[in-house]
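First comes the structure, then the notes that go with it.
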Amino acid sequence: MLNSYLNPMEGIEAYIFLAFGWLIFFFCHSLFASRSSKEKLQKSFNISSKTYRLLYNTSSIVVLLAILLLNGAIKGDRLLPPSSFLQYISLLLAGGGVVVIRVAFREFDFKSFMGLSREDPASLNRSGILGYVRHPIYSGTVLLVLGFLLYDFRMPTLVSAICIFVYLPVGIWYEEQKLIKIFGDEYLEYKKTTPAIFPKIRFWF
């Protein structure tokens with residue numbers, strides 16, 4: 001009985017279970033990020049906004065790690081044969097994703113992002129990398145996911161990548177509804193002039 005739980009998962013049921021895990025994660029991630037849910041839960045449990053955000057981010061990280069462990073536990077043959085070229089490209093993409101995310105965090109207050117200090121956006125930030133893309137953390141995430149997919153090109157990793165890429169437009173739309181409520185026409189103008197994830201490519205010849 002115990003061995004059946006310790007053995008790696010496999011088959012279509014495992015892929016469905018993995019996709020369902022991502023679905024639950026993304027649903028809860030968006031639901032509990034909403035202002036209405038936040039206010040109701042803060043009132044119900046008598047906690048501050050700072051504590052709520054800290055709990056929200058901590059639980060998100062824990063669940064995300066659990067899903068990634070599940071992804072690794074599912075058996076699946078490689079869809080592409082391993083090669084040093086693919087490995088190089090995967091590390092290049094993943095490394096680029098880490099750099100983009102680190103640069104993006106320079107434009108945010110990391111303590112308030114994690115819930116360690118009060119979140120109080122006084123004005124719309126368009127400086128640095130935010131002048132090129134509206135959601136640089138998602139830009140870095142795309143590179144990371146592509147890098148991880150090329151490094152571990154198996155069916156479970158492909159399922160995870162598809163789930164993430166399907167959710168990104170939904171997550172962006174949902175997040176931008178909140179930003180439009182906060183910044184109004186200023187954000188709508190910013191949205192018109194600045195791409196969401198991929199920067200505009202300019203040619204000087």
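The values are calculated or read from the model by the stated rules, or taken from the named source; none is laboratory data. Values in this document were obtained by computation on a predicted structure and should not be read as measured data. In this analysis, Cβ positions are derived from the backbone assuming ideal geometry, glycine residues included, and neighbour counts consider all displayed protein chains.
Brief remarks on what is shown
- The criterion of being crowded, with 19+ Cβ neighbours inside 10 Å, in a helix (DSSP H, G or I) and of a type outside the set (G, A, S) does not hold for V170.
- Residue that is touching a Gly at 6+ places or on another chain (Cβ under 8 Å), closer than 26 Å to V166 by Cα and aromatic (F, W, Y), where the choices are Y15, Y56: Y56
- Matching option when the condition is of a type in the set (G, A, S) and either at pLDDT below 95 or loosely packed, with under 13 Cβ neighbours inside 10 Å (or both), among A94, A73: A73
- Identity of the residue in the range 1-35, within 13 Å of Y174 (Cα to Cα) and surrounded by fewer than 13 Cβ atoms within 10 Å (Cβ to Cβ), that ends up modelled with the highest pLDDT: F27
- Any chance E175 is modelled with pLDDT of 95 or more, out of contact with any His (no Cβ under 6 Å at 6 or more places or on another chain) and assigned to a helix (DSSP H, G or I): no
- In the range 124-151, residue farthest from F17 (Cα to Cα) [restricted to those that are free of Cβ contacts under 8 Å to residues at least 60 places away in the same chain and not in a helix (DSSP H, G or I)]: S127
- Meets criteria (over 24 Å from K178 (Cβ atoms), out of contact with any Phe, Trp or Tyr (no Cβ under 7 Å at 6 or more places or on another chain) and at pLDDT below 90) for Y88: no
- L65 falls short on exactly one of the conditions (1) in contact (Cβ under 8 Å) with a residue 40 or more places away in the chain; (2) under 23 Å from I24 (Cα atoms); (3) surrounded by fewer than 15 Cβ atoms within 10 Å (Cβ to Cβ), and that condition is (1).
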